[in-house]
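The values are calculated or read from the model by the stated rules, or taken from the named source; none is laboratory data. All values reported here derive from a predicted model rather than from experimental measurement. Cβ coordinates were reconstructed from backbone atoms using ideal geometry, including for glycine residues, and neighbour counts include every protein chain displayed.
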Amino acid sequence: MEHRSRISTLVSPPAIFMFIMFVLPLGFMALYSFRAGSFGAARETFTLDNYRDFLANAPFQRLLWRSLLISFWVSLAAVVLSYPIAYFLVFGAGRSKLLLLTIIIVPAWVSYLLRVLAWKIILGSTGILASFLTWIGFDLADAPLLLYSPEAVIITLVYVWVPFVALPIFAALERIDPSLLEAAYDLGCSKFAAFLRVTLPLSLPGVLAGFLFVFIPTVGEYVTPSLVGGTEGIMFGNLIQDQFLRGLDWPTGSLMSLAMLVIVLVPLVVFSRFIKLADLAGI
């Protein structure tokens with residue numbers, strides 16, 4: 001009884017905080033999605049017209065699908081680039097691994113906005129990349145502008161997320177017992193075979209955690225597409241922002257936010273069938 005009381009005492013404050021700051025706003029947002037009218041108009045009438053309009057709006061659905069694809073490629077690229085970094089830190093850096101890990105994380109301490117603006121300069125028509133290509137003799141007259149495109153959004157987001165993805169992969173690789181690799185070598189495995197049969201499977205929780213860390217927030221990204229995406233690189237989050245701030249259509253914005261939330265929960269449900277969520281947290 002005393003043990004349960006202690007657990008309740010410890011769990012109650014964060015549970016209350018989560019309810020007030022997360023569950024309650026979601027509930028209000030769900031209620032708004034059933035309301036008629038826009039901000040400032042009569043909204044007491046509950047209706048399903050918002051849902052019907054959203055399901056019938058093909059451009060909204062295409063933009064949501066494109067945002068999911070961009071988020072998927074950003075997450076995949078971040079994992080592919082982060083895995084060799086984390087692998088080297090664990091198995092090749094020796095005593096310098098914590099120092100090198102800190103150096104990798106340091107750029108994340110700089111303002112997010114400044115880092116995105118830096119890539120806007122790099123990818124611009126007169127930026128560093130264009131100047132370098134011109135210097136080596138590449139003709140940019142007929143080449144498409146990289147800035148203000150989906151590719152610019154992907155490149156910038158991958159740069160932003162790589163340090164964060166390296167952390168869970170690093171933690172997963174750190175938990176691997178070295179004796180397992182030694183046993184694989186004793187049984188005749190090459191380094192590559194040992195990696196495929198031992199290291200990679202045991203590090204999958206960190207890989208999936210890193211993938212989800214990127215995929216979930218990137219679907220609703222709106223700052224980076226606004227700065228480097230232009231009209232060709234807008235994402236679903238930009239549309240939600242416009243509904244709330246410019247169009248003042250809170251019911252539609254709430255509905256779109258809920259739709260995005262439901263879709264984002266799908267990979268969590270799928271991954272939970274193959275791996276324990278506790279493993280993703282390193283517990």
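For the range 245-266, which residues satisfy the criterion of being surrounded by 17 or more Cβ atoms within 10 Å (Cβ to Cβ) and either assigned to a helix (DSSP H, G or I) or among the β-branched types (Val, Ile, Thr) (or both)? Spell out the reasoning first.
If we filter the range 245-266 for residues that are surrounded by 17 or more Cβ atoms within 10 Å (Cβ to Cβ), which is where we start, we get 249-260, 264.
Correct list: Trp250, Pro251, Thr252, Gly253, Ser254, Leu255, Met256, Ser257, Leu258, Ala259, Met260, Val264.
When the residues of the range 43-56 are filtered to those that are of a type outside the set (D, E, K, R) and assigned to a helix (DSSP H, G or I), which remaining residue is surrounded by the fewest Cβ atoms within 10 Å (Cβ to Cβ)? Spell out the reasoning first.
To start, the set of residues in the range 43-56 that are of a type outside the set (D, E, K, R) comprises 45-48, 50-51, 54-56.
Still in the running and assigned to a helix (DSSP H, G or I): 50-51, 54-56.
Working: Asn50: 20, Tyr51: 15, Phe54: 17, Leu55: 11, Ala56: 9.
Only one residue fits best here, namely Ala56.
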Q: May I ask you to list pairs of residues, at least six apart or on different chains, whose Cβ atoms are under 9 Å apart, with the first in the range 193-206 being without any contact (Cβ under 8 Å) to a residue 12 or more places away in the chain and more than 13 Å from Tyr87 (Cβ to Cβ) and the second being part of a helix (DSSP H, G or I) and among the aliphatic types (A, V, I, L, M)?
A: Ala193/Ala184
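Output the residues belonging to the range 105-123 that are in contact with a helix residue (DSSP H, G or I) (Cβ under 6 Å, 6 or more places away or on another chain) and closer than 18 Å to Ile154 by Cα. Can you show your working first?
We begin by selecting, within the range 105-123, every residue in contact with a helix residue (DSSP H, G or I) (Cβ under 6 Å, 6 or more places away or on another chain); these are 105, 108, 116, 119-120, 122-123.
Ala108, Val116, Trp119, Lys120, Ile122, Leu123 - these are the residues of the range 105-123 that are in contact with a helix residue (DSSP H, G or I) (Cβ under 6 Å, 6 or more places away or on another chain) and closer than 18 Å to Ile154 by Cα.
Residue-by-condition table, conditions (1) crowded, with 22+ Cβ neighbours inside 10 Å; (2) of a type in the set (Val, Ile, Thr); (3) in a loop (DSSP other than H, G, I, E, B):
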| site | (1), (2), (3) |
| --- | --- |
| Arg197 | no, no, no |
| Leu200 | no, no, no |
| Ser203 | yes, no, no |
| Gly206 | yes, no, no |
| Ile216 | no, yes, no |
| Leu227 | no, no, no |
| Glu232 | no, no, yes |
| Gly237 | yes, no, no |
| Gln241 | no, no, no |
Q: Please identify the pairs in which a residue from the range 249-271 that is over 17 Å from Val23 (Cβ atoms) and among the acidic types (Asp, Glu) has its Cβ atom under 7 Å from the Cβ atom of a residue that is surrounded by 15 or more Cβ atoms within 10 Å (Cβ to Cβ) and modelled with pLDDT of 80 or more, counting only partners at least 6 apart or on another chain.
A: Asp249/Gln243
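Which is out of contact with any helix residue (DSSP H, G or I) (no Cβ under 6 Å at 6 or more places or on another chain), part of a loop (DSSP other than H, G, I, E, B) and either over 27 Å from Leu258 (Cα atoms) or not aromatic (Phe, Trp, Tyr) (or both), of Thr102, Thr134, Thr126?
Numbers: Thr102 fails: part of a loop (DSSP other than H, G, I, E, B); Thr134 fails: part of a loop (DSSP other than H, G, I, E, B).
Sole residue among the options that is out of contact with any helix residue (DSSP H, G or I) (no Cβ under 6 Å at 6 or more places or on another chain), part of a loop (DSSP other than H, G, I, E, B) and either over 27 Å from Leu258 (Cα atoms) or not aromatic (Phe, Trp, Tyr) (or both): Thr126.
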Q.
Here is a check on your reading of the model: is Leu69 assigned to a helix (DSSP H, G or I), under 14 Å from the mean Cα position of the chain (by Cα) and not basic (Lys, Arg)?
A. yes
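Counting only residues that are in a helix (DSSP H, G or I), among the polar types (S, T, N, Q) and more than 30 Å from Gly127 (Cα to Cα), how many does the range 152-194 have? Show your work before the answer.
The first filter runs over the range 152-194 and keeps only residues in a helix (DSSP H, G or I), leaving 152-174, 178-186, 191-194.
Filter once more, keeping what is among the polar types (S, T, N, Q): 156, 179.
Retained after the next criterion (residues that are more than 30 Å from Gly127 (Cα to Cα)): 179.
Total meeting the criteria: 1.
Restricting to the range 57-90, name every residue that is over 19 Å from Met235 (Cα atoms), surrounded by fewer than 16 Cβ atoms within 10 Å (Cβ to Cβ) and not β-branched (Val, Ile, Thr).
Initial filter on the range 57-90 (over 19 Å from Met235 (Cα atoms)): 79-90.
Keeping just the survivors that are surrounded by fewer than 16 Cβ atoms within 10 Å (Cβ to Cβ) gives 80-81, 84, 88.
Listed by number, the residues that qualify are Leu81, Pro84, Phe88.
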